[in-house]
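A.B. asks: Following this message is one structure expressed as structure tokens.
The values are calculated or read from the model by the stated rules, or taken from the named source; none is laboratory data. Values in this document were obtained by computation on a predicted structure and should not be read as measured data. For neighbour counting, all protein chains shown are included, and Cβ atoms are generated from backbone atoms with ideal geometry for every residue, glycine included. We work out accessible area using only protein heavy atoms, side chains counted, and drop any ligands, DNA or RNA first. Shrake-Rupley method; radii C 1.70, N 1.55, O 1.52, S 1.80 Å.
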There are 2 protein chains.
Amino acid sequence: MAAMTPSNPSLDELVAVLERTPASLAALLEGLPDTWAAATEGGQTWSPYDVIGHLIHGERVNWMPRARHILAGETRPFDPFDRTAQLTQGRDEPLSVLLRTFASLRRENLAALTGLKLTKADLERTGQHPELGTVTLAQLLATWTVHDLDHLGQIARTMAKVGAQAVGPWANYLSILKDRQR
Amino acid sequence: MAAMTPSNPSLDELVAVLERTPASLAALLEGLPDTWAAATEGGQTWSPYDVIGHLIHGERVNWMPRARHILAGETRPFDPFDRTAQLTQGRDEPLSVLLRTFASLRRENLAALTGLKLTKADLERTGQHPELGTVTLAQLLATWTVHDLDHLGQIARTMAKVGAQAVGPWANYLSILKDRQR
């Protein structure tokens, strides 16, 4: 079983997830009422709408720029990534536009990634993360993938909690309703 | 913000999620390498493949049969639902077939649900759950929806953990890697 003997996914396996995320999120969220799309877990937590804005910002300034930074042999740390940029930028775009923007940026970034024809030696090249220290290109690309899945899980959890009262006694069986906020 | 003042989603709002789940899961999982689709969180936990089998079983014997049971005014409890039936049934079907089966059953079930033209009074009708006692039709339909989201979150979490080692020091930022197993 894969999870019991973890081995690192290959680059092709990472790309297989990265290229599927936009369509999966679009199928889930496109045209969905604000009851779900604008819901949060309370306080400073994010709605599905906010999460898509965050994913777009990552496509623009985080993943491929950092990959290029490593491949250019830069010794200065990566520029810090603003995790809340989406809360103040592009707030007037409808969700359907954000979903298309995300899909389009992801497609361009994966085309650029594939075009790099990375070797095993390239994947072992390192960069300096401003907080975490030395990281490899392979770790950056795995993080890009797991980050997608983390936010897909967050969207599912946030939406599930909209129905927390409505399920009545079944709440006992639905573990997601008891999960952390973030 | 919806999550801070929870109100019960309308039937239309529930259906809006229920009708999107199959396409979202197909976009995520169709053609995905077994590295992801067959991964578990270890022990008796389920792979994405297992989860789709479980969702199919629910379409067949759980949600609409229980809705009809309530509307028929049955006083005996619902038949218990076997939560692990998918671990012993249909294990030879490829994932792509399971995804199509799920989509097809869901479409039929939502057509049947819409055809019932449920009134507010219908939604307040009750049935007897074998463990939870009295539940309403509205609660059953909300549970159907939250159950989808619970399993979408489970799939995201299970897949994320495949990359747990590969992300290196970034694991500190990816909360999903520390989340419960189930």
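A.B. asks: Please list, ordered by first then second residue, the pairs with beta carbon atoms under 6 Å, 6 or more apart or interchain, first in the range B:66-77 and in contact (Cβ under 8 Å) with a residue 40 or more places away in the chain and of a type in the set (D, E, K, R), second assigned to a loop (DSSP other than H, G, I, E, B) and crowded, with 18+ Cβ neighbours inside 10 Å.
C.D. replies: Qualifying pairs under 6 Å: B:R66/B:F78.
A.B. asks: Out of all the residues in the range B:140-182, which are closer than 29 Å to B:D79 by Cβ and touching a Phe, Trp or Tyr at 6+ places or on another chain (Cβ under 6 Å)?
C.D. replies: Once the filter is applied, which keeps residues that are closer than 29 Å to B:D79 by Cβ and touching a Phe, Trp or Tyr at 6+ places or on another chain (Cβ under 6 Å), the range B:140-182 yields B:T143, B:W144.
A.B. asks: Among the residues of the range B:80-95, how many are farther than 17 Å from B:L140 by Cα, within 16 Å of the chain's Cα centre (by Cα) and outside any helix (DSSP H, G or I)?
C.D. replies: The qualifying residues number 1.
A.B. asks: Do you know which residues across the range B:117-153 are more than 7 Å from every other protein chain (Cβ to nearest Cβ) and open to solvent by less than 10 Å² (accessible area, probe 1.4 Å)?
C.D. replies: If the condition is that a residue be more than 7 Å from every other protein chain (Cβ to nearest Cβ) and open to solvent by less than 10 Å² (accessible area, probe 1.4 Å), then B:G127, B:L137, B:L140, B:L141, B:W144, B:D148 are the ones that fit.
A.B. asks: Keeping to the range B:112-127, report how many residues are in a strand (DSSP E or B) and either more than 15 Å from B:M64 (Cα to Cα) or at pLDDT below 95 (or both).
C.D. replies: 0
A.B. asks: Just checking, does the range A:88-99 include any residue being modelled with pLDDT under 95 and among the polar types (S, T, N, Q)?
C.D. replies: yes
A.B. asks: Another question, then. Which numbered condition in (1) within 11 Å of chain A (Cβ to nearest Cβ); (2) more than 27 Å from A:R20 (Cβ to Cβ) is the only one that B:G42 fails?
C.D. replies: Single failed check for B:G42: (2).
A.B. asks: Taking A:T114 as meeting all but one of (1) surrounded by fewer than 24 Cβ atoms within 10 Å (Cβ to Cβ); (2) touching a residue at least 60 places away in the same chain (Cβ under 8 Å); (3) at the interface with chain B (Cβ under 7 Å from one of its Cβ atoms); (4) not aliphatic (A, V, I, L, M), write down the number of the exception.
C.D. replies: Among (1) surrounded by fewer than 24 Cβ atoms within 10 Å (Cβ to Cβ); (2) touching a residue at least 60 places away in the same chain (Cβ under 8 Å); (3) at the interface with chain B (Cβ under 7 Å from one of its Cβ atoms); (4) not aliphatic (A, V, I, L, M), the lone unmet condition for A:T114 is (3).
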